[in-house]
Amino acid sequence: MSRQSVTVRVPAKVNVQLAVGGPRPDGFHGLANVFLAVGLYDEVTATAAGELRITCSGPDAGQVPLDRSNLAARAALALAERHGRGADVHLHIDKDIPVAGGMAGGSADAAGALVACDALWGTETPRDELMEICAELGSDVPFSLVGGAALGTGRGERLAPIEVGGTFHWVFAAADGGLSTPAVYREFDRLCEAAGRTVPEPEASPVLLDALRAGDPKALADAVSNDLQPAALSLFPSLADTLRAGSEAGALAALVSGSGPTTAYLAASAESAREIADALRASGTCRTVRTTTAPAPGAHPTDAPDRSSAP
Ligand code: C5P
């Protein structure tokens with residue numbers, strides 16, 4: 001059954017472990033990437049239109065490209081091509097995830113556009129085919145579809161779901177400016193080369209997976225790691241001040257989210273998260289601060305139950 005308009009909600013992510021290997025012949029890096037979906041969402045609304053059109057609202061809307069370079073537009077075009085039809089759709093993105101922040105905002109919009117267009121067009125694409133299109137669009141897009149928590153291997157697109165035994169409290173501080181993901185990976189390579197370091201095969205940490213399963217924030221805090229953090233700090237040195245402010249305010253762990261420059265703070269409780277957020281705002285070292293919880297469901301129409309547990 002096709003509809004007039006479909007709205008899909010898609011979460012941001014933080015990487016509680018981002019283990020990065022050496023560069024592969026295709027230019028990507030092998031990863032052991034533990035994704036956790038967090039409760040900051042973009043909403044993508046697909047409405048029938050004469051031709052493909054993108055609009056965007058929200059505090060960072062001015063930074064979002066509205067042409068066919070937008071990952072949501074590419075998702076609509078890829079789905080339309082698969083079904084031999086036109087991508088005659090208006091996609092409106094209501095953006096709450098920081099842009100170019102290392103929280104997979106663009107990937108969320110791509111997954112949202114896919115699910116929204118599939119429902120609008122009544123194309124009923126099987127889940128495994130949607131996952132294939134996601135993987136073609138970007139390394140983080142399959143996880144945006146699935147949500148919850150998952151281990152991503154390969155370039156991050158091959159997912160195995162991870163059980164999470166409780167709710168974790170997080171604070172996110174968006175920085176004044178963005179970082180380009182390829183530039184951060186290039187800096188990672190440069191730093192490894194400069195240090196003469198042989199990069200080991202990336203592997204998921206069993207201790208970290210246990211902490212997620214147990215829903216234990218202290219154990220998780222002791223186990224989080226991000227191999228891209230030195231590279232992000234090298235390109236954006238003032239992030240160190242933000243991380244320090246969050247740690248001093250009682251964060252159990254303070255880390256760069258993915259390729260940055262958003263920074264993430266794991267809190268012991270909702271109350272502690274509020275205190276950390278207040279301290280970060282008062283520090284003057286970041287642009288905006290948000291508190292939220294994890295895990296969050298994957299891409300789902302706002303008028304339907306989520307499918308976060310069905311990878
Ligand atoms: O897959 P995605 O388009 O999100 O990747 C953006 C860029 O990040 C890639 O072009 C590459 O430079 C870098 N990247 C990488 N290894 C990965 C994922 C991304 O080098 N596993």
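The values are calculated or read from the model by the stated rules, or taken from the named source; none is laboratory data. Quick caveat: nothing in here was measured; it's all calculated off a predicted structure. Quick reminder, even Gly has a Cβ in these numbers, built from the backbone with ideal geometry, and neighbours come from all protein chains shown.
The table for this structure:
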{"read-out": "Among the candidates LEU212, LEU235, LEU239, residue that is without any contact (Cβ under 8 Å) to a residue 60 or more places away in the chain and either surrounded by 15 or more Cβ atoms within 10 Å (Cβ to Cβ) or in contact with a Phe, Trp or Tyr (Cβ under 6 Å, 6 or more places away or on another chain) (or both)", "value": "LEU235"}
{"read-out": "Given (1) buried (at least 23 other Cβ atoms within 10 Å of the Cβ); (2) touching a Gly at 6+ places or on another chain (Cβ under 9 Å); (3) closer than 23 Å to ASP96 by Cβ, number of the condition ALA251 does not satisfy", "value": "(2)"}
{"read-out": "Answer residue from segment 144-158, given it is more than 18 Å from LEU255 (Cβ to Cβ) and crowded, with 22+ Cβ neighbours inside 10 Å and is farthest from the ligand (Cβ to nearest atom) among those", "value": "GLY148"}
{"read-out": "Those residues of segment 1-25 which are over 25 Å from ALA296 (Cα atoms) and touching a residue at least 24 places away in the same chain (Cβ under 8 Å), in sequence order", "value": "MET1, SER2, ARG3, GLN4, GLY21, GLY22, PRO23, ARG24"}
{"read-out": "Test result for GLY112, within 11 Å of the ligand (Cβ to nearest atom) and small (Gly, Ala, Ser)", "value": "no"}
{"read-out": "Qualifying residue in segment 120-134 (condition: in contact with a helix residue (DSSP H, G or I) (Cβ under 9 Å, 6 or more places away or on another chain), in a helix (DSSP H, G or I) and under 16 Å from PRO65 (Cβ atoms))", "value": "no"}
{"read-out": "Filter pass, ASP96 being within 16 Å of the ligand (Cβ to nearest atom) and either in the same structural domain as ALA173 (by TED's automatic domain parsing) or in contact (Cβ under 8 Å) with a residue 40 or more places away in the chain (or both)", "value": "no"}
{"read-out": "Selected residue (criterion: farthest from GLY165 (Cα to Cα)) from residues of segment 254-298 that are in contact with a Gly (Cβ under 8 Å, 6 or more places away or on another chain) and β-branched (Val, Ile, Thr)", "value": "THR262"}
{"read-out": "LEU66, sole failed condition from (1) closer than 22 Å to PHE188 by Cβ; (2) surrounded by fewer than 19 Cβ atoms within 10 Å (Cβ to Cβ); (3) among the aliphatic types (A, V, I, L, M)", "value": "(1)"}
{"read-out": "Any chance ILE133 is buried (at least 22 other Cβ atoms within 10 Å of the Cβ) and in contact with a Gly (Cβ under 7 Å, 6 or more places away or on another chain)", "value": "no"}
{"read-out": "Extreme residue, nearest to the chain's Cα centre (by Cα), among residues of segment 115-142 that are within 11 Å of the ligand (Cβ to nearest atom) and among the hydrophobic types (A, V, I, L, M, F, W, C)", "value": "VAL141"}
{"read-out": "Some residue of segment 265-282 being of a type outside the set (D, E, K, R), closer than 30 Å to VAL199 by Cα, modelled with pLDDT of 95 or more and not assigned by TED's automatic domain parsing to the domain that holds PRO98", "value": "yes"}
{"read-out": "Residue in segment 167-180 that is more than 11 Å from the ligand (Cβ to nearest atom), at pLDDT 95 or above and among the β-branched types (Val, Ile, Thr) present", "value": "yes"}
{"read-out": "Leading residue by the ranking (farthest from LEU114 (Cα to Cα)) among those in segment 52-85 that are part of a helix (DSSP H, G or I) and in contact (Cβ under 8 Å) with a residue 60 or more places away in the chain", "value": "GLN63"}
